[in-house]
1. Hey, can you grab everything whose amide H is under 5 Å from the amide H of residue 72? Only 5+ residues off in sequence or another chain; H modelled, so Pro and N-termini drop out.
2. Just want the ordering: 57, 70, from fewest to most Cβ atoms lying within 10 Å of their own Cβ.
3. Using the Cα centre as the reference, give the magnitude of the dipole from point charges on the C-beta atoms of segment 124-252 (Lys, Arg: +1; Asp, Glu: -1; all else neutral), rounded to the nearest 20 debye.
4. Does segment 60-156 come out rounded, prolate or oblate, given a ≥ b ≥ c as the square roots of the eigenvalues of its C-alpha gyration tensor, rounded meaning a/c under 1.5 and, failing that, prolate meaning a/b above b/c?
5. R0 = 35 Å: FRET efficiency of residue 109 with residue 170, Cβ-based, nearest 0.05?
6. Taking the convex hull of the Cα atoms, report for segment 10-65 its projected area averaged over all directions, in nm².
7. On a full-extension model of 0.36 nm per residue, what is the gain between residue 72 and residue 92, subtracting their alpha-carbon distance, rounded to one decimal in nm?
8. Residue 42 versus residue 19, label points 7 Å from Cα toward the beta carbon: distance in nm?
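Just so it is clear, none of the values below were taken in a lab; they were calculated from the coordinates. Please read these numbers as outputs of a predicted model, since none were measured by experiment. Neighbour counts run over all protein chains shown; Cβ positions are idealised from the backbone, glycine included.
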Amino acid sequence: MDQPTTGVPTVVWMANRDAPINGKYLKFILFEDGNLALTDAEQYIIWSTHTKSTSSISLQLQLHDTYNLILFEREQSLWQSFDYPIDTLLPDQPLTTNRQLVSSRSSTSYASCFYKLFFDDYDSILRLHYEDPVSTRVFWHDPRFLHWEVGRYQYVYNRRASLNSDGEFKSSDGLEIFSFDYGIGPQRMMKIEIDGNLRVYGFIEHQTRKEWKVQWQVVSRSYRVHGICGPNSLCTYSHDAGRRCIYLHGYKMVNSEDVDLIPLVLMGKIKNRFFNLEEN
């Protein structure tokens, strides 16, 4: 998605998120049999849609104004990017059964990471989930409350959630959210961020240019996001300084540029101890 004022691209979908390759000699090919594929310098297929067509003449690949990339055969959709979200939902893009939003590892790496938004297989409720190799936890909706206490419905057959162009997000489990700038207006998107928070953005005027501005977020206090400081650390918060990560004695960061996501080490060994600050 291109921002017309700043010219800075906003990535909303990608084909090979967890299989990055050298961009040199990279090809995006629509084969005559209807398969859309990404190939590397050796012509190996890195990613494909696994689609089949009966006639190459009737094939079309179109990028719509909604930013949905669609492969058509005789005006029938064979494949579309809206069915395979990464970390972003665009207006009228559905999040359904067996689909999820997954956070990126950092601002410079789009690889899948620890935070996920998805419908629970057991009770059909939309949840935010943290999962790393040694720890897993649901942190939204707040597990201290039962589903009916927060207005959610269990065991809904047709699971679906979507953000509309006015800034309303609705889910089949009864969840309904309105962005701060709700109404006819700017472009919008919903994104699960590297810090684990789920946010709705509006593309609005700011001083002399347009920028993406947060219009809603699911966790108002960022220190309440589970795992935000990583293993072997303690999350603290103050009104003046905001969120702060304190590391246990003898521990240090592996990577200072990725403080929220990279585990800390003691004498070269990973220690799987977690601390989570709960609000009093």
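1. It is 60, 61, 62, 78, by chain and number.
2. Working: 57 9, 70 17.
The most exposed by this proxy come first: 57, 70.
3. Dipole about the Cα centre, nearest 20: 220 debye.
4. oblate
5. 0.65
6. On the way: hull surface 20.0 nm².
Averaged projected area of segment 10-65's Cα convex hull equals 5.0 nm².
7. On the way: separation 20, 0.36 × 20 = 7.20 nm, distance 1.92 nm.
Residue separation times 0.36 nm, minus the Cα-Cα distance, leaves 5.3 nm.
8. Placing both labels 7 Å beyond Cα along the Cβ direction yields 1.3 nm.
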